[in-house]
Amino acid sequence: MSVQESIRKLDSQGVPGREIARLLDVSRASVAKYSGREDFSPAPPAPLARPGGSVLAGFDDVIEGWLGEDERRNRKQRHTAKRVFDRLVDEHGYTATYSPVQRFVKKWRALNRGAGEGFTELVWPAGTVQVDFGQAEAIIAGIRQVLHIFVVTFPFSNMRFVQGYRGETSECVAHGLRTVFEHIGAVPRHMVFDNATGIGNRVGTRVTETKLFAAFKLHYRSESRYCNPYSGHEKGSVENAVGFLRRNFMVPEPEAATLAGLNKVLMARCDALAGTTHYRKGLPVGELFAQDVAASLELPGVGFEAVRYESRKADRVGNLLVDGNTYAAGPAFHGRMLTVGLGHDVV
């Protein structure tokens, strides 16, 4: 994913295809393929696996996992390319040569080399969003329940958007961001997150994103970054917005027949914030927000389908276990390999 993301990032910045190919050491055909692709939505796996074109097909996730875990180890006890090769042979039945492994490790390290921790700037440019979750109660179809409220703020203009979900999964994050993007008709260039909740795992200062969220970023050509641990001040805009929206939009607890209906009401109330005045700049929020939109990227021609596909073997009664949750396919499917598509609110 990292090479594809780099191609689309440079393309969104207007870098010519020939220059992208030179900078990333890839073919111009690859640049054209990934910069011109419109849809990166996940697709259900094919019933029959096709042989991969690379000898490392099927092993790349294993290698990336090992190299990612190295980030928390002493530098003298990290994997060399030779050690990666030996483990693939001993533990995973790898039968090809050493050279492809050596090239893969070298490229991975080049693309994942950090530039230092540094500090997140406190003056935010237009076209940047901060993203976070909070919690609030609502009454849906007569039942009081705790919702995970997904908040997206534009710190340059102080424009804020909120949607309610029943969880904090990568499917919820991708769906919520797509909803906001399509509502405003643009894609922010930069997304800042407090941590990797729902979209990845953090080990120390390194965040490994889920495949679904990585595909989401490729689809929209947007970039992500994460605050330093225990540094909530780096995303003060969205933290303040969570409290503001909870106090002003959800007191008393809102009532709706469906969660989708509640989210429509919340979005309309967010739009009304454009008529307020920026607390520091003294200008209308809507006027500043127009600059946010102008500094953002265009929407792709196809919306991202936030669905994660998992394959599992059904047990004797036709149940499948995914992420600790049981899904019933029915006795007729017992013993069969099945694919489950997990969306933000539907299976």
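The values are calculated or read from the model by the stated rules, or taken from the named source; none is laboratory data. Quick caveat, the model's predicted, so the values are computed rather than measured. With ideal geometry, Cβ positions are generated from the backbone for all residues, glycine too; neighbour counts draw on all protein chains shown. What goes into the accessible areas is simple: the full protein's heavy atoms, side chains included, and nothing from ligands, DNA or RNA. Shrake-Rupley method; radii C 1.70, N 1.55, O 1.52, S 1.80 Å.
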Legend entry - Failed criterion for Val238 (all others in (1) open to solvent by 40 Å² or more (accessible area, probe 1.4 Å); (2) not in a strand (DSSP E or B) hold): (1)
Legend entry - Complete set of residues in the range 134-158 that are in contact with a helix residue (DSSP H, G or I) (Cβ under 8 Å, 6 or more places away or on another chain), open to solvent by 30 Å² or more (accessible area, probe 1.4 Å) and in a strand (DSSP E or B): His148
Inset, instruction - Examine the range 207-214 for a residue that is over 16 Å from Val180 (Cα atoms), open to solvent by 70 Å² or more (accessible area, probe 1.4 Å) and modelled with pLDDT of 85 or more, and state whether such a residue exists. - result: yes
Inset, instruction - State which residue pairs qualify: first residue over 22 Å from Arg166 (Cβ atoms) and inside the range 326-346, second residue open to solvent by 90 Å² or more (accessible area, probe 1.4 Å) and assigned to a loop (DSSP other than H, G, I, E, B) in any location, beta carbons under 7 Å apart, and separation of 6 or more residues or different chains. - result: His334/Arg316
Inset, instruction - Among residues belonging to the range 187-206 that are β-branched (Val, Ile, Thr) and not in a loop (DSSP other than H, G, I, E, B), point out the one that is modelled with the highest pLDDT. - result: Val187
Legend entry - Scope the range 323-347; condition among the polar types (S, T, N, Q) and under 19 Å from Glu168 (Cα atoms); matching residues: Asn325, Thr326
Legend entry - Every residue from the range 65-105 that is of a type in the set (Asp, Glu) and either within 18 Å of Thr205 (Cβ to Cβ) or touching an Asp or Glu at 6+ places or on another chain (Cβ under 6 Å) (or both): Glu69, Asp70, Glu71
Inset, instruction - State whether one or more residues within the range 259-275 are modelled with pLDDT of 85 or more, closer than 30 Å to Lys217 by Cα and part of a loop (DSSP other than H, G, I, E, B). - result: no
Legend entry - Neighbours by Cβ (under 6 Å, 6+ apart or cross-chain): first from the range 87-112, closer than 19 Å to Val26 by Cβ and assigned to a helix (DSSP H, G or I); second open to solvent by 70 Å² or more (accessible area, probe 1.4 Å) and not aromatic (Phe, Trp, Tyr): Pro100/Val55
Legend entry - Selection count where residues are closer than 24 Å to Thr169 by Cβ and over 26 Å from the mean Cα position of the chain (by Cα), scope the range 274-314: 2
Legend entry - So Arg202, is it touching a helix residue (DSSP H, G or I) at 6+ places or on another chain (Cβ under 7 Å) and surrounded by fewer than 22 Cβ atoms within 10 Å (Cβ to Cβ): no
Inset, instruction - Please indicate, with yes or no, whether at least one residue in the range 37-46 is surrounded by fewer than 16 Cβ atoms within 10 Å (Cβ to Cβ) and on the phi > 0 side of the Ramachandran plot. - result: no
Inset, instruction - Can you give me the number of residues within the range 275-294 that are open to solvent by less than 60 Å² (accessible area, probe 1.4 Å) and either on the phi > 0 side of the Ramachandran plot or in contact with a Pro (Cβ under 7 Å, 6 or more places away or on another chain) (or both)? - result: 1
Inset, instruction - For His344, work out the one condition from (1) surrounded by fewer than 13 Cβ atoms within 10 Å (Cβ to Cβ); (2) touching a Cys at 6+ places or on another chain (Cβ under 7 Å); (3) of a type outside the set (Ser, Thr, Tyr) it doesn't fulfil. - result: (1)
Inset, instruction - Name, by its number, the condition in (1) in contact (Cβ under 8 Å) with a residue 60 or more places away in the chain; (2) within 15 Å of Phe213 (Cα to Cα) that does not hold for Ala141. - result: (2)
Inset, instruction - Search the range 236-273 for residues being over 17 Å from Leu177 (Cβ atoms) and β-branched (Val, Ile, Thr), and hand back the single one that is farthest from the chain's Cα centre (by Cα). - result: Val251
